[in-house]
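Below: the structure, in structure tokens.
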Amino acid sequence: MRLNTKRFISGILIVSFFIYSIVIYTVGTRVDKGEKFVTDQAKKGKLLFQKKTCIACHQIYGLGGFMGPDLTNEISAVGKGPLFAKAFLMAGSERMPNYHFTETEIEELLAFLTYADKTGVSPVKKFEINYDGTVNWKGKDEKRD
Ligand code: HEC
């Protein structure tokens with residue numbers, strides 16, 4: 001092989017290395033941490049959630065009281081979602097107080113629950129390591145309740 005051909009091939013390899021590195025390092029840093037869900041509405045919802053001490057009976061990200069269900073993934077849970085949650089916020093239940101929230105307050109609480117849903121998973125996922133070093137999420141085929 002001629003010297004020029006060798007130089008040409010190594011040139012292509014070096015350039016490819018840099019392009020590949022740039023792609024890997026920039027794509028990997030674009031992690032969605034739910035920033036776009038931190039709206040003013042969601043912030044007000046969080047304040048309401050704190051003021052009305054919902055955490056006394058409910059958990060967010062697995063922390064809180066255990067009288068009511070964990071609300072982290074309420075919005076995306078199969079068979080639940082914003083309308084389901086809204087019904088409880090509008091009327092309470094036998095065991096949950098009716099707070100007589102206004103429509104605006106309900107929308108704020110739902111915005112906060114949407115933020116929680118996009119930024120956390122509860123209960124925590126269980127992982128197992130395969131013989132070849134790859135990682136499996138154990139519950140990935142199970143439906144959440
Ligand atoms: C005194 C305890 C208590 C408090 C305080 C409370 N809840 Fe509840 N909540 C419950 C219980 C218990 C349920 C389950 C439904 C039932 O058994 O009646 C529930 C159900 C819910 C649900 C439906 C969840 C599901 O998946 O079934 C939502 C959404 C909810 N609560 C939101 C809230 C919010 C938001 C607050 C604060 C403003 C709040 N709750 C305060 C006890 C409470």
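The values are calculated or read from the model by the stated rules, or taken from the named source; none is laboratory data. Just so it is clear, the model here is predicted, and its values are computed rather than measured. Cβ coordinates were reconstructed from backbone atoms using ideal geometry, including for glycine residues, and neighbour counts include every protein chain displayed. Areas reflect the complete protein model, heavy atoms only, side chains present, ligands, DNA and RNA absent. Shrake-Rupley method; radii C 1.70, N 1.55, O 1.52, S 1.80 Å.
Some values worked out for this structure:
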item: Criterion violated by Thr114 - all others in (1) within 15 Å of the chain's Cα centre (by Cα); (2) outside any helix (DSSP H, G or I); (3) not acidic (Asp, Glu) satisfied; result: (2)
item: Pairs, first closer than 18 Å to Leu110 by Cβ and more than 7 Å from the ligand (Cβ to nearest atom) in region 50-71, second open to solvent by less than 80 Å² (accessible area, probe 1.4 Å) and assigned to a strand (DSSP E or B), C-beta under 8 Å, six or more apart; result: Ile55/Gly64; Asp70/Gln59; Asp70/Ile60; Asp70/Gly64
item: One residue from Thr72, Thr5 being open to solvent by less than 90 Å² (accessible area, probe 1.4 Å) and over 15 Å from the mean Cα position of the chain (by Cα); result: Thr5
item: Condition check for Thr119: open to solvent by 20 Å² or more (accessible area, probe 1.4 Å), more than 11 Å from the ligand (Cβ to nearest atom), of a type in the set (Val, Ile, Thr) and more than 23 Å from the chain's Cα centre (by Cα); result: no
item: Sole residue being in contact with a strand residue (DSSP E or B) (Cβ under 7 Å, 6 or more places away or on another chain) and in a helix (DSSP H, G or I), chosen from Ile55, Ile22; result: Ile55
item: Residues (more than 8 Å from the ligand (Cβ to nearest atom) and under 21 Å from the mean Cα position of the chain (by Cα)) located in region 87-111; result: Ile106, Glu107, Glu108, Leu110, Ala111
item: Residue list for region 125-145, restricted to those being surrounded by 10 or more Cβ atoms within 10 Å (Cβ to Cβ), modelled with pLDDT of 80 or more and of a type in the set (A, V, I, L, M, F, W, C); result: Phe127
item: Region 72-84, residues that are touching a helix residue (DSSP H, G or I) at 6+ places or on another chain (Cβ under 6 Å) and within 6 Å of the ligand (Cβ to nearest atom); result: Glu74
item: Qualifying residues in region 27-47 (those that are open to solvent by less than 20 Å² (accessible area, probe 1.4 Å) and at pLDDT 90 or above) - the one nearest to Thr102 (Cα to Cα); result: Gly45
item: Hey, Val124 among the β-branched types (Val, Ile, Thr), more than 10 Å from the ligand (Cβ to nearest atom) and in contact (Cβ under 8 Å) with a residue 24 or more places away in the chain or not; result: yes
